[in-house]
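Q: This is the structure I have questions about; it appears just below.
The values are calculated or read from the model by the stated rules, or taken from the named source; none is laboratory data. Computed from a prediction, not measured in an experiment: that's the story for all the values here. In this analysis, Cβ positions are derived from the backbone assuming ideal geometry, glycine residues included, and neighbour counts consider all displayed protein chains. The area values use the complete protein model at the heavy-atom level, side chains included, leaving out ligands, DNA and RNA. Shrake-Rupley method; radii C 1.70, N 1.55, O 1.52, S 1.80 Å.
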Amino acid sequence: MSLRLKINLIVVSLTFFFAATVLALELRSMRESVHEEVVAANRVAALLLQGTALRYAAQGTPAMLAFLQSIGRIRSNDLTLFDAEGRELYRSPPPTYKAGRDAPDWFSALITPTPSVQAIEFPDGKLVVRANASRAEVDAWDYVVTLAVGALGFLLVVNAMVFWLVGRAVRPFGQIVRALNQLQAGQFNAALPPLAGTEAAAIGAAFNRMVGVLQGHIETERRAVRAEMQLSDSRDLAQWIDKHIEAERRMIARELHDELGQSVTAMRSMALSIATRVHSFDPQAEQAARLIADESSRLYDAMHGIIPRLTPLVLDNFGLAEALNDLVERTQRTHADVQIALKVELSDAVPGADASLALYRAAQEGLTNALRHGRAHRLQLTLQYLAGELTLELVDDGSGMPPEDPQRSGHYGLRWLAERVEALKGTLEIGRVSPHGVRLQVRLPLSASEGAA
């Protein structure tokens, strides 16, 4: 049901109720009026006829009959003359006013008062004066019909005007509904013109503001989606580059270990052999050969120091636990005043290659930051498997974290580490410890490609 129809029905109901109330009040007034008129007319007629009728009655019944015939009909009264035996001698003629018409029975019963009868008795008979409200009923009925027709006309005119005025008043709501339908259909540039009426104008202005804000949000969302897609592409590219870098570093490390290492070892061996052979007859050649052997030895040591930084070959050969142990030993050799405690509790869990490399890089980055930036002296490195998760935790007693977020303050190693952990659906947490120091914690789920041995 539309708002326009609802308002019209309300107005029709109120108008009908008003008209019905007016008619009811008018009927009550008519009933009282008819009652007063008929009863009063009956009493007056009886009083006037009583003296006159008695005088004619003294002259005999024929004189009385002639008198009644001469006066004819008295308004709102019926006259009936009876003789001494009760026979009817005379009855008033029917009314000529609106002759042949009568009010409906239900209407007559509604407004007609209780019949009033006055009897005048004399020696030869009796004159009965009976109230007759039929003409008053017809007058009242005609008035009611006129009033009802007028009320019906008034009802039709008023409701037609209300229907037209309400139609004009609610016309802006149709525009609002159409605009909302356009918005629902995806036309986010829908707008409403200035609408007539205070409420409609306020709704239209609010709708236009809402569309403007919605367009702004949609544009922001589109930009966010584009940025997210670009970021996702960048992350995929970074992961692809990272994998290729790791592969290249692994290949370079193996080349250094297998090819260059053997070549340097051979150079040192040949230099020592030459030095031994020329020892007795060419001291300068011996000195040069031993210098070459020493340089080859230093080159071999430097090469073996570079290989773990390129890629932990021990990780591929012996697993994560041994790689961490090797990392701790090498770190302590280069930092004699540092104490590093390592605790590994993997139980029967076998981390996959990606998870092992990520955890190793996390330990490597954490140790580097703790020693270089935090100047720590005691570190605790823990690796454990619990409830389907691999957890690596490094706690140091260094100077603590900088005030800003370390992942957003130029610590690109941590940012790179966080992206690598996130790619494996893990979490990276960095926080302060009391009284001073930093805790780095990495959690990785054991994926479907990994499992228990």
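Q: Within segment 343-379, which residues are within 22 Å of L444 (Cβ to Cβ), crowded, with 18+ Cβ neighbours inside 10 Å and hydrophobic (A, V, I, L, M, F, W, C)?
A: The answer is A349, A355, L357, A358, L359, A362, A363, L367, A370, L379.
Q: Let me ask something additional. When segment 119-145 is examined, which residues are found to be open to solvent by 30 Å² or more (accessible area, probe 1.4 Å) and of a type in the set (D, E)?
A: Listed by number, the residues that qualify are E121, D124, D139, D142.
Q: For segment 44-63, indicate whether the set of residues that are closer than 25 Å to A148 by Cβ and open to solvent by 80 Å² or more (accessible area, probe 1.4 Å) is non-empty. Please lay out each step first, then the result.
A: Taking segment 44-63 and keeping what is closer than 25 Å to A148 by Cβ, we get none.
Looking through segment 44-63, none of the residues is closer than 25 Å to A148 by Cβ and open to solvent by 80 Å² or more (accessible area, probe 1.4 Å).
Q: With segment 1-114 as the region, which helices (runs of 4 or more DSSP H) entirely inside it contain at least 1 residues that are among the polar types (S, T, N, Q), under 24 Å from D142 (Cβ atoms) and at pLDDT below 80?
A: On the way: elements: 3-58, 61-71, 105-111.
By residue number, 3-58, 105-111.
Q: Starting from segment 8-25, keep only residues that are among the polar types (S, T, N, Q), then list their pairs with residues that are open to solvent by 50 Å² or more (accessible area, probe 1.4 Å) and assigned to a helix (DSSP H, G or I) whose Cβ atoms are within a distance under 8 Å, requiring at least 6 positions of separation or different chains.
A: Taking only residues 6 or more apart or on different chains, the pairs are N8/F163; T15/F154.
Q: On the given criteria, is H217 without any contact (Cβ under 8 Å) to a residue 12 or more places away in the chain, farther than 24 Å from R415 by Cβ and either in a helix (DSSP H, G or I) or hydrophobic (A, V, I, L, M, F, W, C) (or both)? Can you show your working first?
A: Values: without any contact (Cβ under 8 Å) to a residue 12 or more places away in the chain: yes; farther than 24 Å from R415 by Cβ: yes; either in a helix (DSSP H, G or I) or hydrophobic (A, V, I, L, M, F, W, C) (or both): yes.
Considered against the rule, which asks whether it is without any contact (Cβ under 8 Å) to a residue 12 or more places away in the chain, farther than 24 Å from R415 by Cβ and either in a helix (DSSP H, G or I) or hydrophobic (A, V, I, L, M, F, W, C) (or both), H217 comes out as yes.
Q: Still on this structure: Here is a list of conditions, (1) over 30 Å from T112 (Cα atoms); (2) in a helix (DSSP H, G or I); (3) modelled with pLDDT under 80, and R135 meets all of them except one; can you say which number that is?
A: Of (1) over 30 Å from T112 (Cα atoms); (2) in a helix (DSSP H, G or I); (3) modelled with pLDDT under 80, only one is false for R135: (1).
Q: Tell me which of these A271 doesn't satisfy, since it passes every other one: (1) at pLDDT below 80; (2) touching a Ser or Thr at 6+ places or on another chain (Cβ under 8 Å).
A: Single failed check for A271: (1).
Q: Still on this structure: Just one of (1) surrounded by fewer than 18 Cβ atoms within 10 Å (Cβ to Cβ); (2) at pLDDT below 85 trips up L315, so point out which.
A: It is condition (1) that L315 fails.
Q: Still on this model: For segment 146-174, which residues satisfy the criterion of being loosely packed, with under 13 Cβ neighbours inside 10 Å and among the small types (G, A, S)?
A: So in segment 146-174, the residues loosely packed, with under 13 Cβ neighbours inside 10 Å come out as 146, 149-150, 152-153, 156-157, 160-161, 164-165, 168, 174.
Hits for segment 146-174 are G150, G153, A160, G174.
Q: Kindly indicate whether A302 is in contact with a Lys or Arg (Cβ under 8 Å, 6 or more places away or on another chain), part of a helix (DSSP H, G or I) and modelled with pLDDT under 85.
A: Working: in contact with a Lys or Arg (Cβ under 8 Å, 6 or more places away or on another chain): no; part of a helix (DSSP H, G or I): yes; modelled with pLDDT under 85: yes.
No.
Q: Does any residue in segment 40-68 that is free of Cβ contacts under 8 Å to residues at least 12 places away in the same chain and within 18 Å of R87 (Cβ to Cβ) come within less than 8 Å, Cβ to Cβ, of a residue that is part of a helix (DSSP H, G or I) and open to solvent by 40 Å² or more (accessible area, probe 1.4 Å) six or more places away or on a different chain, and which pairs are these?
A: Listed by first residue and then by second, the contacts come to A63/Y56; A66/Y56.
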